[in-house]
Structure formats: structure tokens, C-alpha cells
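See below for the structure under consideration.
The values are calculated or read from the model by the stated rules, or taken from the named source; none is laboratory data. Keep in mind that what you see is a predicted model, and the values were worked out from it rather than measured. When we count neighbours, we look across all protein chains shown, and the Cβ atoms used for this are built from the backbone with ideal geometry, even at glycine. Note: areas computed on protein heavy atoms with side chains; ligands, DNA, RNA excluded. Shrake-Rupley method; radii C 1.70, N 1.55, O 1.52, S 1.80 Å.
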Amino acid sequence: MRVYLDNCCFNRPFDDQSSLTVRLETEAKLAIQEIIKEGHLSLGWSYILDFENSANPFLERQVEIQTWKDVADSFVKETPGILLEMNTMLSAGLKPIDALHLACALALSCEYFLTVDKGILKKAADISTVKILNPIDFIIEWETKR
């Protein structure tokens, strides 16, 4: 099973941890990374993750996140099909960068798209091509299936 974590998800451990929700999302995201390292999940990576991460003003965060590209089992560059799918996602009301991430996840045949972005999560019900979840909900689902 392959998952795609968007840039918000990768950055969650670097966010202010004073909120319980943020701390729980961080713990869930770190648990997902352990599951990936253990080989029970595959990770998809895209050119748009590279692009967004390269714009991170905090070099140490950028370097840490970029190490996950080497862990990923698949990578996708921009293609006409991805741009076409992005336009479909835009019609669901997503922002262009979010639509690109989702289009990349689909191109990588990811079964799950993991994010902490509330805007994407609110639109999840309108997108049936990939299961969009918050890391906490993914862990609950993962543990239920085990």
C-alpha cells in the first residue's frame, strides 16, 4: 500500500506543539514514517514536494524533509496527465498547489493522501479517486485493519 504525505504533513512536527491536535497529528505522522521505514507502507514522492520543500526558509527542516525522498519507492515528474488531473481537482474547489499534490498522488497509484490541511480535508468527501485522511484518522484505520 502506498501513501502520499503532502508538505503540510511533512512539516507538522516543526509546527508549534502547544495545541493538542497538532501534537496528536505530529505523533501520528511520526508513527506513519516508522511504518514506512519498517517496510509495511510505501511512500510516493513528487516534483511538487521537491518544489515546495525547496522554498522552506528553514534549512534544517528542508534537509530533514528531503531525506524522505530517498525513502520513497516511487517518484513522479510533471506530465500532461498530471496537469489534466489537476484541472479536474480544481473543479472540486482545491487550491492549485493542493490539486497538484493530489494529481501526483493519483499518478503514483497512492491509496491514501495524508494531510493536516483543513481546506483539503473539508473537500475530501468530494474526491473519490484517493482516500484523503488526516494522519490520526489514518493510524486509527491502520490499527483497525491489523
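Test F75 against the stated conditions and say whether it is under 20 Å from P13 (Cβ atoms), at pLDDT 95 or above and among the aromatic types (F, W, Y). For F75, the condition - under 20 Å from P13 (Cβ atoms), at pLDDT 95 or above and among the aromatic types (F, W, Y) - is not met.
What number of residues within the range 117-146 satisfy the criterion of being assigned to a loop (DSSP other than H, G, I, E, B), more than 18 Å from A31 (Cβ to Cβ) and open to solvent by 80 Å² or more (accessible area, probe 1.4 Å)?
Counting residues in the range 117-146 that are assigned to a loop (DSSP other than H, G, I, E, B), more than 18 Å from A31 (Cβ to Cβ) and open to solvent by 80 Å² or more (accessible area, probe 1.4 Å) gives 2.
The single condition among (1) under 26 Å from T129 (Cα atoms); (2) assigned to a helix (DSSP H, G or I); (3) without any contact (Cβ under 8 Å) to a residue 40 or more places away in the chain that G39 does not satisfy is (2). Residues of the range 1-25 that are β-branched (V, I, T) and either within 13 Å of the chain's Cα centre (by Cα) or crowded, with 20+ Cβ neighbours inside 10 Å (or both): V3 alone. Quick check: anything in the range 27-50 modelled with pLDDT of 95 or more and more than 28 Å from I140 (Cβ to Cβ)? Within the range 27-50 (the criterion being modelled with pLDDT of 95 or more and more than 28 Å from I140 (Cβ to Cβ)), the answer is yes, since at least one residue qualifies.
Is there a residue in the range 63-70 that is touching a Phe, Trp or Tyr at 6+ places or on another chain (Cβ under 6 Å), open to solvent by 10 Å² or more (accessible area, probe 1.4 Å) and either in a helix (DSSP H, G or I) or over 18 Å from D15 (Cα atoms) (or both)? Among the residues of the range 63-70, at least one is touching a Phe, Trp or Tyr at 6+ places or on another chain (Cβ under 6 Å), open to solvent by 10 Å² or more (accessible area, probe 1.4 Å) and either in a helix (DSSP H, G or I) or over 18 Å from D15 (Cα atoms) (or both), which makes the answer yes. Scanning the range 48-56 finds one or more residues that are touching a residue at least 24 places away in the same chain (Cβ under 8 Å), among the hydrophobic types (A, V, I, L, M, F, W, C), buried (at least 18 other Cβ atoms within 10 Å of the Cβ) and under 27 Å from D126 (Cβ atoms). In the range 117-130, what residues are in contact (Cβ under 8 Å) with a residue 12 or more places away in the chain and over 12 Å from the mean Cα position of the chain (by Cα)? Within the range 117-130, G119, K123, D126, I127, T129 qualify. The set of residues in the range 87-116 being open to solvent by 40 Å² or more (accessible area, probe 1.4 Å), among the polar types (S, T, N, Q), touching a residue at least 12 places away in the same chain (Cβ under 8 Å) and assigned to a loop (DSSP other than H, G, I, E, B) consists of S109 alone.
Considering each residue of the range 72-86, count those that are out of contact with any strand residue (DSSP E or B) (no Cβ under 7 Å at 6 or more places or on another chain), charged (D, E, K, R) and either in a loop (DSSP other than H, G, I, E, B) or loosely packed, with under 14 Cβ neighbours inside 10 Å (or both), and give that number. The qualifying residues number 2. In this entry, T21 is excluded by the filter for residues that are of a type in the set (S, T, Y), without any contact (Cβ under 8 Å) to a residue 24 or more places away in the chain, farther than 20 Å from E143 by Cα and assigned to a helix (DSSP H, G or I).
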